[in-house]
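These notes concern the structure reproduced below.
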Amino acid sequence: MRTPLMAGNWKMHKGPGEAINFLNGLSDAVADVEDREVLICPPFVDIYALGRMLRKSETPIKLGGQNLYPAEEGAYTGETAPPMLKECNCDYVILGHSERRHVFEEDDSFINEKVKAARQYDLIPILCVGETEPQRDAGQAEEVVSDQIRGGLTDVEINSADELVIAYEPVWAIGTGRTATPDDAQAMHAHIRTILTDLYGEGIANGVRIQYGGSVKPHNVDELMAQPDIDGALVGGASLEVGSFERIVKFEA
Ligand code: PEP
């Protein structure tokens, strides 16, 4: 049984003041949620304050980074090292998000270095993959996603299913209000599970959570989460308001 992972990716929104208020509100809103994991991935400047709050509270909400630099420390101005995220109470880190791939031109081999660095420091990578619209129109979606997964996971050892999360995020659906149909998303998630089976065997592949991301909203989350291979959501815009994220976390499938 895979526990759904409902994650908010705040991208470059909310400074510490707003982030603290949000966490107080969300903690109350999801206090009674038991059968799903709730994660927020705020900007780096918020993480220390939120990590301290979470350490002191009973809330099961978890914290993740939106990126990392694959080194323990060093002369990398502006970057954040994996042990720094760990020290701030992060369990997860988003890697290979399409904005990192397209705006910052990260390729699979750099993302692979980051995935390895995350594992080395006991952070669970949420490896994001997804095709662009022209790639889907050209019938290349499965191949693109397969290459991104195999590239991102090259020589990455996974010993148990909870050490890895994949997020399928079709690029054309991110921040656009357009969502993959539940059937199309399910088909890609099933494809991803066959790739994971090839890489890690059936036992691990069946336990790895595969999130869907791309304009997940309160009105469409239920039908997406009803699909057998959709094990959670990576939510951008709709994770910025407590009410809409609460509704997504409390999906009914
Ligand atoms: C994302 O940030 O990963 C995302 C899917 O954004 P949105 O939900 O706004 O499409």
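The figures follow:
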| quantity | calculated |
| --- | --- |
| Qualifying residue in region 60-67 (condition: touching a residue at least 24 places away in the same chain (Cβ under 8 Å), farther than 30 Å from residue 113 by Cα and of a type in the set (Gly, Ala, Ser)) | no |
| Residue 197 away from the ligand (no atom under 11 Å from the Cβ) and either under 29 Å from residue 110 (Cα atoms) or assigned by TED's automatic domain parsing to the domain that holds residue 62 (or both) | yes |
| Residue ID - surrounded by the most Cβ atoms within 10 Å (Cβ to Cβ), chosen from residues in region 22-37 that are of a type in the set (D, E, K, R) and in contact with a strand residue (DSSP E or B) (Cβ under 9 Å, 6 or more places away or on another chain) | 37 |
| Selection within region 131-153 - within 19 Å of the chain's Cα centre (by Cα) and surrounded by fewer than 21 Cβ atoms within 10 Å (Cβ to Cβ) | 132, 144, 146, 147, 150, 151 |
| Any helices (runs of 4 or more DSSP H) falling wholly within region 38-112 and containing at least 2 residues that are within 23 Å of residue 236 (Cα to Cα), open to solvent by 80 Å² or more (accessible area, probe 1.4 Å) and at pLDDT 95 or above | 44-56 |
| Selected residue (criterion: nearest to the ligand (Cβ to nearest atom)) from residues of region 223-253 that are farther than 28 Å from residue 21 by Cβ and either modelled with pLDDT of 95 or more or crowded, with 24+ Cβ neighbours inside 10 Å (or both) | 224 |
| Checklist (1) buried (at least 21 other Cβ atoms within 10 Å of the Cβ); (2) not in a strand (DSSP E or B) applied to residue 6, failing item | (2) |
| Among the residues listed as 180, 205, 167, the single one being touching a helix residue (DSSP H, G or I) at 6+ places or on another chain (Cβ under 9 Å), open to solvent by less than 10 Å² (accessible area, probe 1.4 Å) and within 15 Å of the ligand (Cβ to nearest atom) | 180 |
| Matching residues, region 9-21, being outside any loop (DSSP other than H, G, I, E, B) and either in contact with a Phe, Trp or Tyr (Cβ under 6 Å, 6 or more places away or on another chain) or surrounded by fewer than 19 Cβ atoms within 10 Å (Cβ to Cβ) (or both) | 16, 17, 18, 20, 21 |
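The values are calculated or read from the model by the stated rules, or taken from the named source; none is laboratory data. Being a predicted model, the structure only gives us computed values, none of them experimental. Neighbour counts are summed over all protein chains in view; Cβ atoms, including those assigned to glycine, are modelled from backbone coordinates with ideal geometry. Heavy atoms of the whole protein, side chains included, go into the accessibility calculation; ligands, DNA and RNA do not. Shrake-Rupley method; radii C 1.70, N 1.55, O 1.52, S 1.80 Å.
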